[in-house]
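Enquirer: For reference, the structure I am asking about is given below.
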Amino acid sequence: MRYLPLAPSEDRALLDAIGVQQAEDLLGGVPPELRLKRELNLPGQLSEQEVLRQMEALAGRNTVFPACFLGAGAYDHFVPTAIDMMVSREEWFTAYTPYQPEVSQGTLQHIFEYQTVICDVTGLEVSNASLYDGGTATVEAALMAVRVQRKRTTILISQGLHPHYLEVLCTNITPHEGLKLVTVALKDGVTDLDDLKAKLNSDVACVLVGYPNFLGCIEDLRAIAELTKAAGALLVSVTQEAMAFGWLEAPGKVGADIACGEAMSYGNKLNWGGPYLGFIAVKDAHKREIPGRVIGQTKDLDGQTGYVLTLTSREQHIRRDKATSNICSNQGLVALRANMFLQLAGPEGLKGLAEQNVAKAQYLQQALLQVSGFKAAFSAPFFNEFVTRYDGDVKALQVACAKEGILAGLDLSSYAENLKNCILWCATETTTREQIDRLVRVVSRVPSLVA
């Protein structure tokens with residue numbers, strides 16, 4: 001938020017306008033024993049220059065890694081400078097919920113365009129005006145599938161789903177009585193089709209599968225869709241790395257009824273953890289159950305193109321008990337960046353970036369497998385992430401890399417017993433051959449450093 005000075009005279013004018021003697025009178029609904037009886041424990045007043053100097057000192061304590069091989073849901077991609085320049089225009093900073101189309105055509109148009117490009121990359125017919133992040137998008141997709149299937153109450157979840165998404169799903173499903181979550185085992189890093197077939201029954205509303213999954217492996221959606229459809233259930237693909245859509249066949253083209261996940265890879269920076277950008281796209285037949293809002297294109301009385309809120313089934317509207325979700329807003333500015341990125345890249349540009357991700361990840365895997373102690377954990381194909389088993393001390397490896405300015409892959413030991421001594425590595429278009437070669441030199445020395 002921009003700096004907004006407020007003088008004591010302005011405070012007094014505000015209090016007089018609402019008929020209150022002092023600000024403390026506004027706390028009448030809070031029991032006295034629950035009110036703070038002292039000043040807040042904050043530092044004294046500082047000049048603007050002193051504040052900036054202090055903030056810079058705090059920021060300087062962050063460790064900046066020139067080379068990053070960590071993914072697992074947060075990916076280091078190149079963001080064109082053009083996006084930062086265009087998105088900083090004043091009209092985007094002031095735009096908010098577009099309830100009045102006559103004064104919100106710009107915002108409505110960019111959201112409509114965002115929905116269009118999401119439909120393009122997912123291969124489905126309808127997308128909404130974005131969601132909070134990949135985890136909540138997974139929740140909304142699962143609940144939507146249950147609404148579509150009505151009396152079916154079981155949700156099958158592949159163990160390849162991102163574990164953080166699974167935690168969010170468990171938390172949000174708990175209040176819904178009668179719904180049941182059942183996990184499906186993995187085999188060689190991908191969903192075990194035999195276990196899936198055994199658990200598919202007439203009570204299963206949907207099957208949630210990572211695409212690619214948390215371990216970086218690419219699932220066979222066609223085979224999973226065939227089994228799922230035979231049982232009358234819906235297939236939900238969950239993608240944590242949207243850049244993969246430039247390489248993989250669109251989920252809607254290979255049997256997914258709903259595609260959801262995380263799209264921060266499109267034009268958004270890591271920013272120490274957010275904000276992120278959840279997406280969801282569905283078949284046209286299910287659009288009435290889509291969460292959040294949908295922007296539509298129309299014509300005004302003069303025949304000119306215009307944009308309006310078409311579907312807005314949200315909790316703060318009338319008939320809140322009939323609302324389809326708890327999504328109260330859309331990630332407008334983050335979705336705008338994604339829209340700009342995809343339009344700047346175009347289909348061929350997105351494919352080219354994806355090819356770079358694949359090539360860098362393949363080179364990284366081959367280089368690591370040449371180092372003693374590293375073995376491929378799975379044989380399934382991957383996009384830009386893969387898992388290796390390591391015979392040495394994973395913690396020592398990570399520490400050694402950090403000392404050299406390298407952020408190593410994710411230690412998977414805490415996620416599952418069978419993933420002990422496993423590392424999830426990631427490479428994107430920002431990864432260079434020199435960085436990979438340097439990583440290999442560092443990890444090659446780790447056994448001797450530990451000894």
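Enquirer: Could you order the peptides 196-203, 152-159 from most to least packed, using the average number of other C-beta atoms within 10 Å per residue?
Expert: Those peptides, ordered most packed to least, come out 152-159, 196-203.
Enquirer: At 0.36 nm per residue, and after removing the present C-alpha to C-alpha distance, how many nm does the segment from residue 366 to residue 187 gain when stretched out fully?
Expert: On the way: separation 179, 0.36 × 179 = 64.44 nm, distance 2.26 nm.
Taking 0.36 nm per residue and subtracting the Cα distance, the gain is 62.2 nm.
Enquirer: Taking every DSSP beta bridge with both residues inside segment 81-343, roughly what % is antiparallel (nearest 5)?
Expert: Counting only bridges with both partners in segment 81-343, antiparallel ones make up about 50 percent.
Enquirer: Tell me the Kirkwood radius of segment 81-343: reciprocal of the mean inverse pair distance over distinct alpha-carbon atoms, in Å. Don't jump to the answer; show the numbers that get you there.
Expert: Working: mean 1/r = 0.0534 Å⁻¹.
Hydrodynamic radius (Kirkwood, Cα pairs) of segment 81-343 is 18.7 Å.
Enquirer: In Å, what Kirkwood hydrodynamic radius results for segment 181-289 from the alpha-carbon pair distances?
Expert: Values: mean 1/r = 0.0680 Å⁻¹.
For segment 181-289, inverting the mean 1/r across all distinct Cα pairs yields 14.7 Å.
Enquirer: For 378, 78, 69, which order do you get if you count the other beta carbons within 10 Å of each Cβ and list the fewest first?
Expert: In order of increasing Cβ crowding within 10 Å: 78, 378, 69.
Enquirer: Oh, and also: Give the order of 443, 371, 207 when sorted by the count of other beta carbons within 10 angstrom, beginning with the fewest.
Expert: 371, 443, 207
Enquirer: Convex hull over the alpha-carbon atoms of segment 1-137: what's its volume per residue in Å³?
Expert: 293
Enquirer: Okay, next question. DSSP loop GluC sites (Glu not before Pro) in segment 94-198 with at most 14 other Cβ atoms within 10 Å of their Cβ, which ones?
Expert: 125, 177
Enquirer: Could you put 83, 118 in order, starting from the residue whose Cβ has the fewest other Cβ atoms within 10 Å?
Expert: 83, 118
Enquirer: Moving on. Given a Förster distance of 35 angstrom, what is the FRET efficiency for residue 50 paired with residue 27, based on the Cβ-Cβ distance and rounded to 0.05?
Expert: Efficiency, from the Cβ-Cβ distance: 0.65.
Enquirer: Follow-up question, since we're still on this one. Take the residue pairs 151/283; 283/360; 199/283; 197/375 and return only those whose Cα atoms are more than 27 Å apart. Mind showing how you got there, number by number?
Expert: Values: 151/283 20 Å; 283/360 34 Å; 199/283 25 Å; 197/375 31 Å.
Beyond 27 Å between Cα atoms: 283/360; 197/375.
Enquirer: Run lengths n ≥ 4 of DSSP H only: what is the helix-derived mean residue ellipticity at 222 nm for the chain, with -39500 (n - 2.57) per run over all residues, to the nearest 500?
Expert: Here the helix-only value at 222 nm equals -11500 deg cm²/dmol.
Enquirer: Moving on to the next point. Binning every alpha carbon pair distance of the chain at 20 Å from zero, what are the percents per bin?
Expert: In order of increasing distance, the bins hold 22, 48, 27, 3 percent.
Enquirer: Further question on the same structure: Counting DSSP beta bridges with both partners in the chain, what percentage is antiparallel, nearest 5? Before the final figure, lay out the partial values.
Expert: Working: 28 of 48 bridges.
Expressed as a percentage, antiparallel bridges in the chain total about 60.
Read the figures in this text as sums done on the coordinates, not as results from a lab. On a predicted model such as this, the values are computed, not experimentally measured, just so you know. Every residue, glycine as well, gets a Cβ built from its backbone with ideal geometry; the counts of neighbours run over all protein chains shown.
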